[in-house]
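Worksheet for the structure shown next.
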Amino acid sequence: MTFIDTHAHVFSPEFDEDREEMLQRAQAAQVTQVYMPNINVASIDAMLQVEEKHAWCHAMIGLHPCYVKQEFEKDLAVIEKWLETRSFKGIGEAGLDLYWDKSLLDQQREALRVQCGWAKKYQRPIILHTRDAFQETLEIVQEQQDGTLRGIFHCFSGTVEEAQAVLGVNFLLGIGGVSTFKNGGLEPVLQQIDLKHLVLETDSPYLAPVPRRGKRNEPAYLPYVAQRIAEIKSMTVEEVATATTANALDLFA
């Protein structure tokens, strides 16, 4: 039984004191691959250092919506040069975030469109961050979808109807620690959506699952998410691990 963490910021400064031990714990928990979503231009070097040392930790590249500022085009130009230089496993994390700041929505939309274009050009999945902006994000994906765009709505915490809309644009749902929260709201989604549409993630160091909620998250906690999905769907953890691992391997192939 193995797991794939499709979204973990293991290059983050929160792990600088014990990164090697943290990654050893992940492997001990049968997490065999970790996909690292980039945040901004400044985070690229740290991420690539982790990938160079640990080949099972895979770098993706993109511009997180919270780092889309007035002159975002300059950051996108730097990232595009990286894409022309070497291969990355995915684009992202990209998306829209209206929780902190609504004033840059137009810039965020344009940055997302550019990154959807990269995903299609380089035939890589795009990892979508959407906070208080599900409908706005979905509309751009629908607009950009030409039959080749694939990816993950990361940290999905929406309704059954929203989940079905995600499947309608041929994207997967990234399920993480929120699924274990008492009031996380994901039970109806997990009851109704087939396993073939799900991948696992931690979003480390954020959103640690129960029973680690409130602590720093790490990939070793991924089995807690799988266990919760198994409970809700009345199946074994092995079934959840097998299906979600296959989904991730197919997406990132």
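The values are calculated or read from the model by the stated rules, or taken from the named source; none is laboratory data. Keep in mind that this is a model prediction, so the values were computed, not measured. Cβ: placed from backbone, ideal geometry, glycine included. Neighbour counts: every protein chain shown. The protein model used for the area step is the full one, side chains on, heavy atoms only, and it has no ligands, DNA or RNA in it. Shrake-Rupley method; radii C 1.70, N 1.55, O 1.52, S 1.80 Å.
One residue is enough: does the stretch 10-24 have a residue meeting the conditions more than 19 Å from residue 207 (Cα to Cα) and aliphatic (A, V, I, L, M)? No. Only one of the numbered conditions (1) surrounded by 15 or more Cβ atoms within 10 Å (Cβ to Cβ); (2) closer than 22 Å to residue 150 by Cβ is violated by residue 228, and that is (2). None of 246, 253 is surrounded by fewer than 19 Cβ atoms within 10 Å (Cβ to Cβ), among the aliphatic types (A, V, I, L, M) and modelled with pLDDT under 95 except 253. Screening 199, 166 for residues that are within 17 Å of the chain's Cα centre (by Cα), under 14 Å from residue 5 (Cα atoms), crowded, with 19+ Cβ neighbours inside 10 Å and modelled with pLDDT of 95 or more leaves exactly one candidate, 199. All conditions but one from (1) more than 24 Å from residue 59 (Cα to Cα); (2) part of a helix (DSSP H, G or I); (3) out of contact with any strand residue (DSSP E or B) (no Cβ under 8 Å at 6 or more places or on another chain) apply to residue 136; the one that does not is (3). Of all residues in the stretch 56-88, those being within 21 Å of residue 251 (Cβ to Cβ) and open to solvent by 80 Å² or more (accessible area, probe 1.4 Å) number 0. If you go through the stretch 202-225 and pick out every residue that is closer than 15 Å to residue 31 by Cβ, among the β-branched types (Val, Ile, Thr) and open to solvent by 20 Å² or more (accessible area, probe 1.4 Å), you end up with 0. Restricting the search to helices (runs of 4 or more DSSP H) fully inside the stretch 165-253 and requiring at least 2 residues that are in contact (Cβ under 8 Å) with a residue 12 or more places away in the chain and under 17 Å from residue 130 (Cα atoms) gives an empty result.
Residues of the stretch 151-163 that are without any contact (Cβ under 8 Å) to a residue 60 or more places away in the chain, surrounded by 15 or more Cβ atoms within 10 Å (Cβ to Cβ) and of a type in the set (A, V, I, L, M, F, W, C): 153, 156, 163.
Restricting the first residue to the stretch 132-145 and requiring it to be among the hydroxyl-bearing types (Ser, Thr, Tyr), which pairs with a second residue that is open to solvent by less than 30 Å² (accessible area, probe 1.4 Å) meet a Cβ separation below 8 Å and a spacing of at least six or different chains? The qualifying pairs are 137/95; 137/96; 137/112; 137/128; 137/153.
Which pairs have Cβ atoms under 7 Å, sit 6 or more apart or on different chains, and link a residue in the stretch 42-57 that is free of Cβ contacts under 8 Å to residues at least 60 places away in the same chain to one that is surrounded by fewer than 17 Cβ atoms within 10 Å (Cβ to Cβ)? Once the first residue is free of Cβ contacts under 8 Å to residues at least 60 places away in the same chain and sits in the stretch 42-57, its partners that are surrounded by fewer than 17 Cβ atoms within 10 Å (Cβ to Cβ) give 44/82; 56/32. Being in a helix (DSSP H, G or I) and closer than 21 Å to residue 9 by Cβ, is that true of even one residue in the stretch 82-99? Within the stretch 82-99, one or more residues are in a helix (DSSP H, G or I) and closer than 21 Å to residue 9 by Cβ. Here 112, 98 are screened, and the one residue that is modelled with pLDDT of 95 or more, more than 22 Å from residue 4 (Cα to Cα) and surrounded by 21 or more Cβ atoms within 10 Å (Cβ to Cβ) is 112.
Identify all residues within the stretch 116-133 that are open to solvent by 50 Å² or more (accessible area, probe 1.4 Å) and part of a loop (DSSP other than H, G, I, E, B); write none if there are none. Listed by number, the residues that qualify are 123, 124, 132. Hey, does the stretch 172-193 have a residue that's surrounded by fewer than 18 Cβ atoms within 10 Å (Cβ to Cβ) and within 13 Å of residue 247 (Cα to Cα)? No - not one qualifying residue is present in the stretch 172-193. Total residues in the stretch 40-81 satisfying the condition of being farther than 17 Å from residue 124 by Cα and either acidic (Asp, Glu) or modelled with pLDDT of 95 or more (or both): the figure is 28. Restricting attention to the stretch 9-31, the residues that are outside any helix (DSSP H, G or I) and buried (at least 19 other Cβ atoms within 10 Å of the Cβ) add up to 5.
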